[in-house]
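Quick notes on the structure that follows.
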Amino acid sequence: MRPPYLLLDVDGVFIPFPDAEGAGPATHTRHDVVPTGRTADNPVTIWLNPAHGPLLMHVIRTGLVSPVWCTSWRQDATTLIGPLLGLPPLPHVELPRPEITTSHPNGYLWKRDHVDAWLSDAPAIWIDDDFTNLDHEWARERTARGYITALVQPDPHVGLLAEHLVEVLACAAPLSVARADASGFSCDAKVA
Ligand SMILES: [Mg+2]
């Protein structure tokens with residue numbers, strides 16, 4: 001049985017929202033990166049926690065999940081963010097660039113319809129800081145239809161914590177044993 005995808009957002013997860021002075025938490029280190037479409041004289045400052053790479057590698061090495069970037073950084077997550085965390089090249093979900101002024105143009109996360117189509121009937125554990133109640137409802141409905149879907153939602157001002165990855169493993173481990181009764185499976189919203 002294939003392992004669930006582990007969908008990884010970047011902003012608000014690996015890169016917490018900056019504080020009033022524009023800095024990240026004390027656990028995070030400043031980097032200047034040059035995303036696709038920018039030039040070296042116009043970099044973007046980001047803050048990353050060097051502990052996140054080893055933590056995520058621990059999860060990846062279990063073989064219980066199949067990690068995929070799912071972020072508006074798109075390919076740049078693979079080429080810029082991952083290497084700074086010491087991660088191997090991971091695939092990414094090719095998201096469009098919609099003209100939107102909110103991340104919830106229809107009341108739910110703008111990525112969701114694209115992710116839903118990309119996943120087809122695959123199980124998924126999705127880490128993102130920006131889910132709404134409608135996204136949690138979608139996850140519950142998808143799980144009830146037999147497509148296991150767990151949402152893990154860090155606080156964007158704090159970002160990813162070890163407990164979120166513990167939750168990922170707790171969701172993924174039973175799937176590696178059996179997916180006998182999807183209707184009784186629920187990992188959604190255990191971690192706020
Ligand atoms: Mg985000």
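Nothing in this text is a laboratory measurement; each read-out follows from the coordinates by a stated rule. No experiment lies behind these values; they were computed from the predicted model shown. With ideal geometry, Cβ positions are generated from the backbone for all residues, glycine too; neighbour counts draw on all protein chains shown.
Placing +1 on the Cβ of every Lys and Arg and -1 on the Cβ of every Asp and Glu, with nothing else charged, gives the chain a dipole about its Cα centre of roughly 600 debye.
Overall, the ratio between the Cα radius of gyration of the range 56-177 and 2.2 N^0.38 Å, rounded to two decimals, is 1.05. Using a ≥ b ≥ c from the Cα gyration tensor of the range 20-122 (square roots of the eigenvalues), is it rounded, prolate or oblate, where a/c under 1.5 gives rounded and otherwise the larger of a/b and b/c decides, a/b for prolate? Note, shape of the range 20-122 comes out oblate.
Each peptide in 94-106, 141-153, 113-125, 39-51 was scored by the mean count of other Cβ atoms within 10 Å over its residues; highest first, the order is 141-153, 113-125, 39-51, 94-106.
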